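To start, the structure under review is shown below, and the notes come after it.
The values are calculated or read from the model by the stated rules, or taken from the named source; none is laboratory data. Nothing here was measured: the structure is a model prediction, and the numbers come from that model. For neighbour counting, all protein chains shown are included, and Cβ atoms are generated from backbone atoms with ideal geometry for every residue, glycine included. Surface areas here come from the heavy atoms of the whole protein model, side chains and all, with no ligands, DNA or RNA. Shrake-Rupley method; radii C 1.70, N 1.55, O 1.52, S 1.80 Å.
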Amino acid sequence: MFARDSRLRQWLGQWLPKRPVTRRDSPATARGGQGDVERVRRQYLESEQRFRALLESLPKVAVQGYDRDRRVIYWNEASTRLYGYAPDEAQGELLEDLIIPDVMRDGVIAAHRAWIHEGVEIPAGELELKHQSGELVPVFSHHVMLNEHTDEPLMFCVDVDLSDQKRAHRDLEFATRFDRLTHLPNRQTFEANLDEVLDGCRRRGLGLALLYLDIDRFVEINDALGYEEGDRLLIELSRRLSEQLRATDLMSRVSSDEFVLAFPGLHREDDVMRVLHKVQEVFRRPFGLEGHKRGITASLGVCLFPDNGTGARELIRNADVAKNRAKLEGRGGLQFFHQHLHDELVRQHRLAESLEHALDNDELSLHYQPQVSAVSGQIENLEALLRWTPPHGQPVSPQEFIPVAERSGLIHRLGDWVMQEACRQRALWREAGMKLERIDINFSGRQMGRHDVFERLEAHLRRHHLGPREIGIELTENVLIEADARILEGLRSLHHRGFRIAIDDFGTGYSSLSYLKQFPVTSLKIDRSFVRDGPGQPEDRAIMEAAVFIGHRLGLEVVAEGVENAEQLALVREIHCDLVQGFYFYRPMPAAAIERLLVGVVPSLGSLSS
C-alpha cells in the first residue's frame, strides 16, 4: 500500500492548491502591479476547484488526505461509498481508527512514521481495508507523500475498489471447481480430492468403495417434463445423497445425470453392501415432479480400492464400466467391477474399430433366406441377413457385432448400407425377370431412433425405382412397444402406402397379442423357440395356434421361423401358417446362390425330401 508513483505525484501536484510564491520581483514584474497578483490568486482558486471537481468525479477511485498525525483532512464521495463514512464523520479522525483492520494497525503506523522520518516509501499493493460495518473491502492502494521534507507533510491515499474483480474471480474459481446447479465438486476437483484420500488410505492400510450412479431415463424426464423439472430432480437427489454421507465421504456430479461417491475406510463386504443399501434407499421414496410423485431409479456401478484400481481416474473409469453393464440389465441395476468387464469393453472397442474398417473396405455382404409357401413350397419373399467376413479371419456373428454397432453408433451406417444393398439387389433381380415378391430388411431399435430413418429408406427406393411392395420391414415387438409417436406415425404412413411391416420373433417380447391392434403391421413371424418345441410341448403349440388364429382374424400374414425338420413343418401346416422360413427348406445364401435358386437350378431341401 502507499507506494510513491512519480506520475501520480506529478498529476496530483499540478492540481493541488499552492500558495503564491513570494520572491524578489524584477523591475519588469513589478511594473505589472496589483493586476498580476490578482491573476495569480484567481489561477490558484481555479486550480483548487478543478482539483476538487476531478477528485469528486472519480466514482470508483477513493481519495483521502491525511496530515502528519494521520488525521483526515480530505475525504471524497467515492471514499464514502467504499468505506461507509460521510466526510463530516471522517474529518479529523485517525486513519487507523477508520479503515485499518486491527491486525494491520501497528504496521500502518510504523510505516507512516518511517516514510515521514526516514523517507522509506510504502509499496503499492492489494489490501483488505475495513468498512464502517466492519466488513473487509478489497482495494488496490497507492499513497503519495507531499511536502515530505517540511513540517507539514501530507499523505494522499488513492484506493481503487476491487470488489467486482474479486467477486468475478471467486465466481470463476467456483465455476472451475464446482457444479453450478448442485454446488457439488466437479469431476476434476473430485479426482484431486479422491487422490488425496487414497494417499491416506494407503498410509493407514484402509480400503475404499467408489460408486458410480446414473439416473435411468433422465433424458426422457427432461424431454417430457422440461429442463427445470430435471434440474429440480438433480438438486433433490444431491440433497438426499448428501444426507447419507459421512464427513470423510466424497461426492461429485460428473455429468448431467451421473454422480460418483467415494466411501473411504470400508473393509468388509457387508460394510460395502450396507453403504450401497443406504444409497438405494434414497430412491425408494418418490420424487416430486410437476406436482406429482414419481418413482426414479438409478443404475449403480461399484469398484473397490485397492482391488480394482490404485488411482482416482482408474477407479472412476472402472466404476463407470460396471455402471454401464448394470444399465444393460435394466433399470435400477447394480454391478460390481470385475476385470473381465474391462477386458470385454476393450474387446468391443476394438471390434467397433474393425467394424468401421469393414464398412470402409467392403467386407460386408447380404445373405438371403427364402420364405416359402407352407402349402406349395414356392419361394415368396427373401429376408436379408447381414454378414461380416474379414479378409484375414473367421466370420463375425451378427449376434456379436450388431450390439456393438448399436452401442457405438455405427448401426446407422450399417442400416444405410443394408438398405442400399438390398434395394440395389432387388432392382437387379427385377430387371433380370426373376420371380420374387419382396426382400425384407431388419430395423433395430437404435436405428429407428434416427429422426430421418423412413426418409432415408424411401430415398433408396426412389434411387432404384422400387415400389412399396418390393422392400419390406421387420421389427421386433420391443422396438414397437418402445416406439414414440413419431416412429408410429412414420410406420402408419408406410403401411397406408402399401409397405409390408412384420413383427419379428413374435411371442418373445412384452406386447402380447392385445397390442396388435395398435401397431401398423401386416404379418407376424412366430419365434423359432415355439416352432422348435411345438411338436412335443402342448403349451408352445397352443401359443402358436393362438398367434395364427388372432393373426388371421386381424388380416395378418403369419410366418413360422426356424422350421428345421418334417415334424415341425407338419405342425405349421396343420395350424395353417402362411409362410415357412428355416433350414428345412433353405439356409441363408449369398446373392449368386439365390439367383441360381430363382431360375430353378438349385432345388430346396424340402422338395428333395418330399
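Some notes on this structure:
- Prolate/oblate/rounded label for region 349-503 (Cα gyration tensor, a/c 1.5): oblate
- Our coupling estimate for region 257-266, obtained by passing each phi through the Karplus curve with A = 6.51, B = -1.76, C = 1.60 and θ = phi - 60°, is 10, 10, 10, 10, 10, 10, 10, x, x, 8 Hz, Gly and Pro reported as x.
- Accessible-area rank, largest first, for His496, His338: His496, His338, with all protein chains present and a 1.4 angstrom probe.
- Taken along the Cα-to-beta-carbon direction at a fixed 7 Å, the label points for Glu196 and Ile481 span 4.9 nm.
- Once the Cα-Cα distance is subtracted from the 0.36 nm per residue extended length, the Glu228 to Lys293 segment shows a gain of 21.8 nm.
- The figure for Val120 is an accessible area of roughly 70 square angstrom, using a 1.4 Å probe on the protein chains alone.
- In Å², nearest 10: area of Glu93 left accessible to a 1.4 Å probe: 80
- Length-normalised contact order for region 415-536 - Cα pairs under 8 Å, 6+ apart - percent: 23
- Whole-Hz couplings from phi, Karplus 6.51/-1.76/1.60, listed for region 281-293; x for Gly and Pro: 5, 4, 8, 6, 8, x, 9, x, 10, 6, x, 10, 8
- Distant-in-sequence amide H partners of Ile296 (H built 1.01 Å from N, under 5 Å): Phe287
- Each peptide in 133-143, 209-219 receives the mean, over its residues, of other Cβ atoms within 10 Å, and ordering these scores from highest gives 209-219, 133-143.
- Using heavy atoms of the protein chains and a probe of 1.4 Å, the accessible area assigned to Trp75 is about 10 Å².
- Length gained on full extension, Glu93 to Arg497: 136.2 nm, using 0.36 nm per residue less the C-alpha separation.
- Counting only DSSP H runs of at least 4 residues, each contributing -39500 (n - 2.57), and dividing by the residue count of the chain, the helix-based mean residue ellipticity at 222 nm comes to -14500 deg cm²/dmol.
- Given R0 = 45 Å, the distance between the Cβ atoms of Asp343 and Glu128 translates into a calculated FRET efficiency of 0.20.
- Pairs from the list Lys293/Lys327; Lys327/Lys525; Lys130/Lys166; Lys293/Lys517 with a Cα-Cα gap above 27 Å: Lys327/Lys525; Lys293/Lys517.
- Mean separation of Cα contacts under 8 Å (6+ apart) over length of the chain, as relative contact order %: 8
- Fraction of accessible area attributable to carbon and sulfur, region 97-212 (%, probe 1.4 Å): 50
- This model, with +1 at the C-beta of Lys and Arg and -1 at the C-beta of Asp and Glu, gives the chain a dipole about its Cα centre of some 980 debye.
- Whole-number percent relative contact order across region 427-476, with pairs defined as alpha carbons under 8 Å at least 6 apart: 60
- When Lys517, Lys278 are compared by accessible surface with a 1.4 Å probe, the order from highest to lowest is Lys517, Lys278.
- Per residue, the accessible area of region 405-446 comes to 42 Å², computed with a 1.4 Å probe over protein heavy atoms only.
- For Arg113 and Glu135, a Förster radius of 22 Å and the Cβ-Cβ distance give a FRET efficiency of 0.20, rounded to the nearest 0.05.
- On full extension, the segment bounded by Thr176 and Glu574 gains 136.2 nm, given 0.36 nm per residue less the C-alpha separation.
- Applying the Karplus relation 6.51 cos²θ - 1.76 cosθ + 1.60 with θ = phi - 60° to region 525-542 yields 3J(HN,Hα) values of 10, 5, 4, 4, 5, 6, 5, 4, 9, x, x, x, 10, x, 5, 5, 4, 5 Hz, where x marks Gly and Pro.
- The structure-derived value of percent of Cα pairs over 32 Å apart appears in the list (i) 59; (ii) 68; (iii) 48 under the label (ii).
- Cα extents of region 48-206 along the three principal axes, largest first (Å): 71, 34, 23
- Cβ-Cβ FRET estimate between Asp362 and Arg167, R0 fixed at 51 Å, reported to 0.05: 0.25
- Site pair Asn565 and Phe583 shows an inter-label distance of 1.1 nm when each label is modelled 7 Å from Cα along Cα→Cβ.
- Nonlocal amide H pairs with Glu380, under 5 Å, H built at 1.01 Å: Gln371, Val372, Ser373
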